[in-house]
Structures are given as C-alpha cells and as structure tokens.
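Notes follow the structure.
The values are calculated or read from the model by the stated rules, or taken from the named source; none is laboratory data. Note that the structure is predicted; figures quoted are calculated from it, not measured. Reconstructed Cβ throughout: ideal geometry from the backbone, glycine too, with neighbour counts over all protein chains shown. When the accessible area is computed, the model is the full protein with side chains, heavy atoms only, and any ligands, DNA or RNA have been set aside. Shrake-Rupley method; radii C 1.70, N 1.55, O 1.52, S 1.80 Å.
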Amino acid sequence: MIDESAASPDEGEVILLNKPLTWTSFDAVNKIKRACRIKKIGHAGTLDPLATGLLILCTGKKTKEIDTYQGAEKEYTGKLVLGKTTPSIDLETPFDGEYPTDHITPDLMQASVAKLTGELAQYPPIYSAVKMGGERLYKKARRGEVVEIKPRSVSVPVFEIDAANFPEVSFRIVCSKGTYIRSLVRDFGMLLESGAYMSELCRTRIGTYWLKDAEEIEDYVKRKRLELNLDLGKPNPNPESEI
C-alpha cells in the first residue's frame, strides 16, 4: 500500500510490501525499479532471504525519510528449534551441531528469555550484512575467515515465547534498530545450555506501519504499471532505463 499523501511522482512515495521467502531486500528494490521504471528508490531496513514480512521502500524525495523508518521500532514473529545449530543460525547453512534438550524446563526458558529482554550488548551473527574492514561479514564467513565481532547496544522490550510444540518454540519480539533476531535465537539456545536455530521469521511491524497493510510485490507492480500507462504485455523499448 502506498502512503496516499505521497502520490505525486515528483514527491515520491512510501511503499509497503510483503517480502517473499528467498528474496533479498535488494531483489524487491530491483523488481520495483525495473518493472515500474523508477529512477530513485531504496529500502528502509534489510530482511534476510529466509525471512518474510514488511519491507518499506521509498522513492523519489521520500528516500530522504529512509533513516526515519530504519530507526523505528520493529516487531517480529517466528519459530526457533532447540537442540541443533547451524553456522548462520537459520536454514541457509547445514546443521553443524546437536545438543540435549531433556534438561530444559519451562522455568529455565522463561529465565533465559528474561535475560534477553531489555537493554542488551548483542553480538551480530557472522552471517550478516554488518561491514568490517569495508566488507560484509557474510562474505568473510563464506570464506571461512575468523573475525572478532564487537557487541552492539540494542533494546528488546518484548520477548515472548510459546513452547507448546517443544522443541519448536514460537516467539514474538519487539526490538530496536540494529537488533538481530538470529542472535537472540543463538543466545537463547546457549543460555539453555543447548543450541537453537531459527526456522521461520516474519517482520510484522516497522514503527506505525503494519504487515497487514502491505501489498504483494506482483500486485503492486501490476497496479503501478497500469497507473503509469505501461503496457503489461509490451517489452520496454529502452531496457537501459530500467537499470
């Protein structure tokens, strides 16, 4: 859905999208840019390829507001699984460890959640887009490099769990800019003296914007192309204009 107050092409617009599974945030940006022939566009907060949910894109003059959305509070829902780990802390990489879960009690889980709620010093995952020495950490990780990662100050006012399907645990997290949900999953498993990986993640809110108000990417493209009088079945006579 588009912010109706920003309907003018010159002024730009704020676009709320539901990012599909396996797409990168840049995939979404490039799809909209090329299909709708938008010159200036950017996203306001990365989502991992294996995450879904709310992605905010800004075009034209609205790109000046990107920092505002990036700095806003976020909300996520998802699932983690106890007893196994992967290097990326999700299903992007193969399992590399298996750990006991028989000793884990509801009280121990709640005590661990409490330790991961509030103001935290968090270490980003090695498989992340954080830059070190001018290069993304995930590139170093894929080469097998060992790097020293510095902690970041983040805030997690809400961390709720439901372990009815143990060892699978559903969660809802509200957090500040810069918080890595995979790091919370990793640290949760460590506090339980076990291991954990994230099996699902969905971003449901950014500031005052909600996933329920977002559009599917293909729906947005179809509507926008009609609005711009771009023939859906006709190729662009000048493909370079889409890059």
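Summarised as an ellipsoid, segment 177-221 has semi-axes of 31, 13, 7 Å, derived from the eigenvalues of the Cα gyration tensor scaled by 5 and square-rooted, with the largest first. For the listed residue pairs 39/74; 31/74; 31/150; 31/115, the alpha carbons are over 32 angstrom apart in 31/150; 31/115.
A protection proxy built from the mean count of other Cβ atoms within 10 Å ranks the segments 214-223, 151-160, most packed first, as 214-223, 151-160. Taking all protein chains as they are arranged and a probe of 1.4 Å, the heavy atoms of residue 81 leave approximately 30 Å² accessible to solvent.
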